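Have a look at the structure below, then the notes.
Readers should treat all values here as calculations from the given coordinates under stated rules, not as data from a laboratory. Everything numeric here is computed off the predicted structure, so don't read it as measured data. Here the Cβ positions follow ideal geometry from the backbone for every residue, glycine too, while neighbour counts run over all protein chains shown.
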Amino acid sequence: MTITLDKIKKDEEVLIKRVQGEEDIKRRFLDLGFVPGEKTKCVLVSPFKDPKAYFINNNIIAIRDKDAKNIEVFYERD
Amino acid sequence: MKEIKVALIGTPNVGKSSLYNILTNNHVHTGNWAGKTVDFTRGECIKKKTKFIFYDLPGTYSIISKSKEEVVATDFIVQEDFDVAVVVTDATSLEKGITLVLQVQEMVKKVVLCVNLIDEAKKKGIDIDKELLSNNLGCPVVFTSAKNNMGLDSLLENIENVLEQNYLDINYGILNKYINIINDDIVGYSGNKKWLSLRVLENNKHYREMFRDKIKLDKNKEKQIREELLNVDIPLEIVIKMKREVKNKLKGVVKKNSNNNLNKERKIDKILTSKIWGIPIMLLMLFGLFYITIIGANYPSDILFSFFQSLEDNLIDGLNFLHIPTVIGDLLVNGVYKTLYWVISVMMPPMLIFFPLFSFLEDLGVLPRIAFNMDKAFSKCNACGKQALTMCMGIGCNAVGVTGARIIDSKRERIIAILTNVFMPCNGKFPTIIAIITMFMVGLNNIYGSLICALILTGFIFLGIVVTFGISYLLSKTILKGEASSFTLELPPYRVPKILETIVSSIKNRAIFVLVRAVKVAIPAGVIIWLVANVNIKGLSIMEYLVDFLNPVGLMLGLDGVIILALLLGFPANEIVVPVMLMCYLKTSTLIDFTNIEALKNILIVNGWTIKTAICFILLMLFHYPCSTTMLTIKKETGSLYYTLIAFILPLLVGVILCMVVNIIF
């Protein structure tokens, strides 16, 4: 089952399936390591629920839900 | 002397600027967040008959992207006006840096890899096989820890002796065929043709334009290529192949022993960003910062003031001895000298305490967490979460906050951050506001005085934050209309700074800088103040004419003409507002004593000050036009007279409205 990154549960590891969206944001995500096949997980949620921070490429990156919607992921067990 | 030009390249926040500072003895302020260096700087270092010229480029994740700092870095590399490229990476997170190394190796023939923060990696149980890494990459690898001055000699040695390498030749799979086709149509390009072909393939407008005369690919041929590649996402293909290459190069290089530290950091993060405690902890830190500054600065200020005052008589004697005319002597002593030492004694102690504390929080990595916590509010205002970082910098100095807005990619959001930065009161306003709070809101003999004072000050800052959000929202709905652009922010690992170094460097780079500026302003301001107070026309001084003229405006705002005049004369630097005000009240034609705060309060009360005057004064002090330095910075950063004008009027309007409201209610 494919869901978008903003919907995943905290501390659960997922695999990246696809990165969509406008050229600029897509490019930025690719640079940050959001590349299909890579693992990521949500490690922090800010006090107002949005943005959330994700562990990717040995880095912690905060992303707003609105932008995280561009990243399609799936759970490994699926 | 042999000269070697070195480009320093690295991902954000790997300690590249620290390395640069130590190598070149320069003073770029470093901070623990991504994007601190937004332009490149140049510095030199001489070692055994060789002169190294370093260019510190802004941190970039990649050198094919489009954000401002990335273009600065890539353009520099493309121009090829250097001999050796040093790529600085973070030993604790090698993978993210290696991508950049490979990208540089596609463009540059002399590359040295500098693995920085090696001590931190050791602490985290990370082992890196240097030989293997060097073999895999085909370039020299040096381990350094800039913080501890480790490995720097070896780095310089390697820079001096590095041999020319071949351009990195990555297998781009399906794209290879097309790269070769385009290669044949690139004529007269001195760099790696393959690199430029890749840029053509991904249709990078910036570089296609830059090398227009070198790319001879004809339109029909390109159209055919695009058709054949219709179903291939070219940028993604490039990134994936690059990623595969990174994995190959890193195979067996990094060994991790444990993850304890990472878990500890997550725990701290969980508290700092928790739903209940996140926001209160931030305010508490702000409060603590003020509290320590207030109690710490009291005594030194008094001592400095008495000291400078005691020199006054000697100075007058000295001037008399030199037969300087009395008028000039009076101007020098009562005008210039008094203004000068007022500014120094009132400003210096809080700054010497505030800036090191602030730098400590900054180096620790707290600021990005604040931005993370507050981002939701900025997103509601269609602004960028990184604006929180510029606000924090604004508390130190608005001009610095305005420059710092460069970390915001979207121009619209950057201008919002610039226009609203002044709502965060800078360091120069604190002593004045603190004095008024102490006199009118806390009471002079209250044992918890400093505590309550810091609390009230935090309250006023909170008001500043609220106003920032309100105005950001308004701007994004009116003259800077638009949706929030994408926002990504790196939350860097915490790094405990070296206390002594933080103190020394923050005093050297920031406190002294701000102080020197204030002093430069205080000297001419002292002359003007003296002239305005002492030049008489028909029996009245110019000052009295001005005060009478401004009085109606003052009364409307719950203030008086004197306060307005003081704020006007304070345009070059907020530090001189109070001395001017007191001078006007006393009509002594010179600045008066500061040491006795009770006497100060009496002067104000005699001149009609009430709690309402105090509130209105603080409001107007917080919200009026930025100081002249900040205005110049805004002009420079926005490049627009229109926005500079708005930056002037907007806060003034807010202050005037708030004062009028208070005036009507009371």
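Over chain B, one equal point on each Cα, no solvent: what is log10 I(q)/I(0) by the Debye formula at q = 0.06 Å⁻¹?
Summing over Cα pairs of chain B leads to -0.42.
Answer rounded, prolate or oblate for the protein assembly as shown, using the Cα gyration tensor with square roots of eigenvalues a ≥ b ≥ c: rounded when a/c is under 1.5, else prolate when a/b is larger than b/c, else oblate.
Judged from the Cα gyration tensor, the protein assembly as shown comes out prolate (a/c at least 1.5, a/b above b/c).
From the alpha carbon gyration tensor of the range B:288-400, can you work out the equivalent ellipsoid semi-axes (sqrt of 5 times each eigenvalue) and give them in Å, largest to smallest?
So the three semi-axes of the range B:288-400 are 44, 16, 9 Å.
Report the convex hull volume per residue for the range B:523-563, counting only C-alpha atoms, in Å³.
59
How big is the antiparallel share of DSSP beta bridges in the range A:2-75, given as a percent to the nearest 5?
Numbers: 19 of 20 bridges.
Beta bridges within the range A:2-75, antiparallel portion: roughly 95 percent.
To the nearest 20 debye, what charge dipole does the range B:35-153 have about its Cα centre, counting +1 at the Cβ of each Lys and Arg and -1 at the Cβ of each Asp and Glu?
Numbers: 16 positive and 18 negative charges, 71 e Å.
Charge dipole of the range B:35-153: 340 debye, to the nearest 20.
Which of A:V43, A:I71, A:G21 sits farthest toward the positive end of the charge dipole of chain A, with +1 on the Cβ of Lys and Arg and -1 on the Cβ of Asp and Glu?
Result: A:V43.
For the pair B:I295 and B:I605, what calculated FRET efficiency results from E = 1/(1 + (r/R0)^6), where r is the Cβ-Cβ distance and R0 = 30 Å, to the nearest 0.05?
0.70
First select every other residue whose beta carbon is under 12 angstrom from the beta carbon of B:P497; then total the charges, Lys and Arg +1, Asp and Glu -1. If you can, show how the numbers build up before the last one.
Values: positive: B:K147, B:R495, B:K498; negative: B:E362, B:D363, B:E501.
Within the 12 Å Cβ shell, the charges total 0.
Please order B:H323, B:H624, B:H206 by the number of other Cβ within 10 Å, starting at the fewest. Intermediate results must be reported in sequence, preceding the final value.
Working: B:H323 7, B:H624 24, B:H206 14.
Taking fewest neighbouring Cβ atoms as first place, the list is B:H323, B:H206, B:H624.
With 10 angstrom as the radius, rank B:I4, B:I434, B:I271 by how many other C-beta atoms surround their C-beta, starting from the fewest. Don't skip to the answer; put the middle values down first.
On the way: B:I4 17, B:I434 24, B:I271 11.
Starting with the residue having the fewest Cβ neighbours, the order is B:I271, B:I4, B:I434.
Could you compute Rg(Cα) / (2.2 N^0.38 Å) for the range B:191-240, with N its residue count?
Normalised by 2.2 N^0.38 Å, the Cα Rg of the range B:191-240 equals 1.14.
Angle between the Cα long axis of helix B:628-638 and the longest principal axis of chain B, 0 to 90 degrees, nearest 10?
The helix B:628-638 is inclined about 30 degrees to chain B.
Of the DSSP beta bridges with both residues in the protein assembly as shown, give the percent that are antiparallel, rounding to the nearest 5.
Taking every DSSP beta bridge within the protein assembly as shown, about 60 percent pair in antiparallel fashion.
Give me the inter-chain shielding for B:191-197: mean count of other chain Cβ atoms within 10 Å, whole number please.
0
Rank the residues B:W609, B:W530 as a footprinting-exposure proxy: fewest other Cβ atoms within 10 Å of their Cβ go first.
B:W609, B:W530
Let me check I've understood the local charge: for B:L550, count other residues with C-beta under 14 angstrom from its C-beta, Lys and Arg +1, Asp and Glu -1. What total comes out?
-3
Averaged across B:233-243, how many Cβ atoms of other chains sit within 10 Å of each residue's Cβ atom?
4
Treat each spin label as a single point 7 Å out from the Cα along the C-beta direction, and report the B:D129 to B:L311 distance in nm.
Distance between the two pseudo-spin positions: 6.5 nm.
Could you point to the residue in B:I240, B:N663, B:L100 farthest towards the positive end of chain B's charge dipole, with +1 and -1 charges on the Cβ of Lys/Arg and Asp/Glu respectively?
Result: B:I240.
In percent, how large is the relative contact order of chain A, given Cα pairs closer than 8 Å and 6 or more residues apart? If you can, show how the numbers build up before the last one.
On the way: 149 pairs, mean separation 34.3, N = 78.
44 percent.
Output the 0 to 90 degree angle, nearest 10, between the alpha-carbon long axis of helix B:577-586 and the longest principal axis computed from the alpha carbons of chain B.
10
Rounded, prolate or oblate: pick one for the range A:2-75, where a ≥ b ≥ c are the square roots of the eigenvalues of its C-alpha gyration tensor, a/c under 1.5 means rounded, and failing that, prolate if a/b is larger than b/c, else oblate.
Verdict is rounded for the range A:2-75.
Compute, for chain A, the length of the dipole vector about the Cα centre, with Cβ point charges of +1 (Lys, Arg) and -1 (Asp, Glu) only. Units Debye, rounded to 20. Walk me through the numbers before you get to the answer.
Working: 16 positive and 15 negative charges, 32 e Å.
Computed about the Cα centre, the dipole is about 160 debye.
Over all directions, what mean area does the Cα convex hull of the range B:278-665 project, stated in square nanometres?
Over all viewing directions, the range B:278-665 projects a mean Cα-hull area of 20.4 nm².
I'm a student and want to see the number: the projected area of the Cα convex hull of the range B:2-161, averaged over all directions, in nm².
Values: hull surface 34.0 nm².
Mean projected area for the range B:2-161: 8.5 nm², to one decimal.
Given charges of +1 on the Cβ of Lys and Arg and -1 on the Cβ of Asp and Glu, with all other atoms neutral, how large is the dipole of the protein assembly as shown about its Cα centre, in debye to the nearest 20? Before the final figure, lay out each step's value.
On the way: 85 positive and 72 negative charges, 326 e Å.
About 1560 debye.
Where q = 0.20, 0.29 Å⁻¹, what log10 of I(q)/I(0) comes from the Debye formula for the range B:370-432, counting one point per Cα?
Log10 of I(q)/I(0), two decimals: -0.67, -1.20.
Of the options B:F355, B:N382, B:G329, report the single residue whose Cα projects farthest towards the positive end of the charge dipole of chain B (beta-carbon charges: Lys, Arg +1; Asp, Glu -1).
With unit charges placed on the Cβ atoms, the residue in question is B:N382.
Treating only the Cα positions of the range B:53-119 as identical point scatterers, give the base-10 log of I(q)/I(0) from the Debye formula at each q in 0.23, 0.27, 0.28 Å⁻¹.
Listed by q, the Debye log ratios stand at -1.05, -1.37, -1.44.
Quick check on chain B: of the DSSP beta bridges with both residues there, what percent are antiparallel, nearest 5%?
If I count the DSSP bridges inside chain B, around 40 percent turn out antiparallel.
Are there any chymotrypsin sites (Phe, Trp or Tyr not before Pro) in the range B:422-493 that are in a DSSP loop and have at most 12 other Cβ atoms within 10 Å? List them by number.
Passing sites in the range B:422-493 are B:Y448.
Between B:L451 and B:I512, what FRET efficiency comes out of the Förster formula 1/(1 + (r/R0)^6) with R0 = 25 Å and r the beta carbon distance, rounded to 0.05?
Plugging the Cβ-Cβ distance into 1/(1 + (r/R0)^6) gives 0.25.
Indicate the gyration tensor shape class of the range B:454-565 (rounded, prolate or oblate), computed on the Cα atoms with a ≥ b ≥ c the square roots of the eigenvalues: a/c under 1.5 is rounded; otherwise a/b larger than b/c is prolate and the rest oblate.
oblate
For B:I657 and B:N248 in one chain, what is 0.36 nm times their gap in residues minus the Cα-Cα distance, to one decimal in nm?
Gain in length upon complete extension: 140.9 nm.
When every alpha-carbon pair in the range B:185-305 is counted, what percent end up more than 24 Å apart?
Values: 4707 of 7260 pairs.
Beyond 24 Å sits 65 percent of the P(r) for the range B:185-305.
Just need the relative contact order of the range B:253-372 here, percent rounded to a whole number, with Cα pairs under 8 Å and 6+ apart.
Reported as a whole number, the value is 37 percent.
Determine the principal axes of the Cα atoms in the range B:388-515, then give the extent along each, sorted from largest to smallest and rounded to whole angstroms.
52, 38, 27
Relative contact order, percent, of chain B when contacts are C-alpha pairs under 8 Å separated by at least 6 residues? Spell out each step's value before the answer.
On the way: 995 pairs, mean separation 76.5, N = 666.
About 11 percent, as a whole number.
With everything on Cα atoms, drop me the angle between helix B:366-380 and the longest principal axis of chain B, reported from 0 to 90° to the nearest 10.
That works out to roughly 90 degrees.
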